[in-house]
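Nothing in this text is a laboratory measurement; each read-out follows from the coordinates by a stated rule. Note that the structure is predicted; figures quoted are calculated from it, not measured. Methodologically, a virtual Cβ is constructed for each residue, glycine included, from the backbone with ideal geometry; neighbour enumeration extends over all protein chains shown.
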Amino acid sequence: MQRSKIKDIFIQEQAGGDVLVQGWVKTRRSSKLVTFLQITDGSTLQDLQIVVDEANPGHEAAAALTTGCSVSVEGVLVDSPGQGQRYEVQAKTLTVLGGSDPETYPLQKKRHSPEFLREIAHLRPRTNTFGAMARVRNSVAYAIHTFFQGRGFQFIQTPIITASDAEGAGSMFQVTTLDLNDVPKDGGAVKHDDDFFGKPAFLTVSGQLEAEIFAMALSDVYTFGPTFRAENSNTSRHLAEFWMVEPEVAFCQLDGLTELAEDFLKHLCGHVLENCVEDMEFFNKWYDDSTIATLEGIANSQFERITYTEAVKLLQESGEKFEYPVSWGIDLQSEHERYLTETKIQKPVIVTDYPKDIKAFYMRLNDGGETVRAMDVLVPRIGEIIGGSQREERRDLLEGRMTEAGISHDEYSWYLDLRSYGTVPHSGFGLGFERTIQFVTGVSNIRDVIPFPRTPKSAEF
């Protein structure tokens with residue numbers, strides 16, 4: 001008999017017929033005459049009740065089961081007389097697949113703290129929170145691909161190991177095969193001749209620059225993969241390893257990019273609301289009761305568009321006492337972004353045309369040379385969720401920006417070549433996958449929206 005997932009069982013129009021279900025025991029209640037098991041298989045938040053009566057050969061085994069055990073049950077699907085459950089299974093046969101020591105199994109029928117669950121990341125997917133989190137992550141990842149595939153974008157796999165620093169910030173993990181106990185040096189500098197790649201190599205901070213290569217040939221591309229930042233930041237908003245979605249679009253200027261970003265974010269929110277109803281109701285109840293309303297607001301609103309200069313003026317005239325004082329030229333902080341979206345404008349905001357000195361070298365200079373054609377999408381509760389720009393397609397101006405930033409023209413000769421052989425206006429943005437999941441679910445700590453968080457002094461599992 002083919003296994004039925006619990007999710008599929010509960011959407012059946014009526015009871016009746018034999019089913020095979022397999023899963024893990026969450027709770028057990030036993031009497032002399034009957035044992036009730038609540039089992040889960042991870043396909044849904046709902047548990048399925050298994051009824052094993054005293055006439056069943058498996059009743060003795062069922063009565064000895066504890067939380068965490070795994071079972072395989074064949075039985076008849078019937079209407080349940082109990083409240084809060086539509087169906088239950090009257091067991092015909094029950095097989096114990098794996099035991100679980102009740103003295104050492106760390107998950108019990110109670111709420112565990114996020115801090116405790118991070119210590120047992122190999123077991124926390126069995127909890128309601130992390131089961132729901134995994135399903136939402138899966139659904140959002142699917143929505144990312146359907147959005148771009150539906151618009152004719154090509155999915156590009158950019159390298160994880162790279163010699164390029166797309167951000168120019170230098171916060172990169174170095175990759176080496178050199179003996180760290182005997183590092184070869186030449187005049188005090190590390191000698192990379194015997195290293196695997198023969199030169200310094202790093203874990204990527206972004207797939208953007210490589211994606212630009214393919215945008216210059218295929219027009220519309222996107223990359224979706226892991227990125228790494230060696231920033232010593234132990235906050236609820238930062239990870240050392242996370243996933244990024246990065247489209248690059250040829251023949252596209254900033255206005256077209258803002259439209260793409262708005263449509264993209266609306267698509268993700270709408271998809272989650274439609275396809276993750278049960279899990280989103282869970283997060284709305286237990287984590288942030290504004291979560292669903294916020295997603296509905298994004299899916300159904302027209303995003304406001306203002307320039308950085310206008311944003312600074314609104315903040316200066318607000319009368320608010322911000323922790324970080326506001327002046328033209330600062331990088332907007334989360335408190336500023338949240339004020340704009342939650343208090344002043346009360347909907348998502350796209351801020352454009354930032355000062356060049358706080359943005360990356362590859363962003364296109366505006367006339368006047370003081371600002372660049374950058375854009376950030378700001379949303380309530382979290383602030384910036386998408387950052388992007390029109391890229392500088394003019395070689396002479398790009399060379400000037402690289403010189404200002406101290407970036408070697410020789411090492412990035414391939415990037416400059418793109419501006420010499422059929423250059424075109426092109427744009428792209430990045431969306432942090434984990435920050436998006438954090439926003440969607442209302443979970444406050446980003447370490448709780450990724451299966452295995454990587455943070456300073458922490459690389460478990």
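Miscellaneous remarks
- Sites ASN234 and PHE322 - FRET efficiency at Förster radius 22 Å, r taken between beta-carbons, to 0.05: 0.45
- Here is how the number arises for the chain: DSSP H runs of 4 or more residues each give -39500 (n - 2.57), the sum is divided by the residue count, and the result at 222 nm is -8500 deg cm²/dmol.
- Take every Cα pair under 8 Å whose residues are at least 6 apart in sequence, average their separation, divide by the length of region 17-112, and the relative contact order is 29 percent.
- Region 296-325 and region 5-31 have their alpha-carbon centroids 50 Å apart.
- Under 13 Å from the MET1 label point (7 Å along Cα→beta-carbon), backbone N, region 52-85: 72-78
- Our summary gives the chain a relative contact order of 13 percent, counting only alpha carbon pairs under 8 angstrom and 6 or more residues apart.
- Relative contact order of region 126-275, defined on C-alpha pairs under 8 angstrom at six or more residues apart (%): 27 percent
- Positive minus negative residues near VAL21 (Lys, Arg vs Asp, Glu; Cβ under 9 Å): 0
- Sorting the segments 13-23, 276-286, 317-327 by their mean number of nearby beta carbons within 10 angstrom, highest to lowest, gives 276-286, 13-23, 317-327.
- Estimated FRET transfer efficiency when R0 is 56 angstrom, pair LYS109-VAL424 (beta carbons, to 0.05): 0.40
- When peptides 134-140, 299-305 are ranked by their average number of other Cβ atoms within 10 Å per residue, the highest-first order is 134-140, 299-305.
- From the largest down, the chain spans 85, 58, 45 angstrom on the principal axes of its Cα atoms.
- Of TYR222, PHE251, GLY23, farthest towards positive along the dipole that unit charges on Lys, Arg, Asp, Glu beta carbons give the chain: GLY23
- When region 51-125 is described by a simple charge dipole with +1 on each Lys and Arg Cβ and -1 on each Asp and Glu Cβ, the residue from CYS69, PRO102, ILE120 located farthest towards its positive end is ILE120.
- Packing-based ranking, highest mean first, of 184-196, 231-243 given that Cβ atoms within 10 Å are counted: 231-243, 184-196
- Placing +1 on the Cβ of every Lys and Arg and -1 on the Cβ of every Asp and Glu, with no other charges, gives region 6-98 a dipole of roughly 300 debye about its Cα centre.
- One Cα centroid belongs to region 228-247, the other to region 385-401; the line between them spans 23 Å.
- Two-site FRET efficiency, ASN300 against ASP331, from Cβ-Cβ distance with R₀ of 35 Å, rounded to 0.05: 0.70
- Helix axis angle, 208-218 relative to the chain longest principal axis, alpha carbon, degrees: 80 degrees
- Evaluated with a Cβ-only charge set (Lys, Arg +1; Asp, Glu -1), the chain carries a dipole of roughly 1280 debye about its Cα centre, given to the nearest 20.
- With Rh defined as the Kirkwood radius, the inverse of the mean 1/r over Cα pairs, the Rg/Rh of region 6-98 is 0.92.
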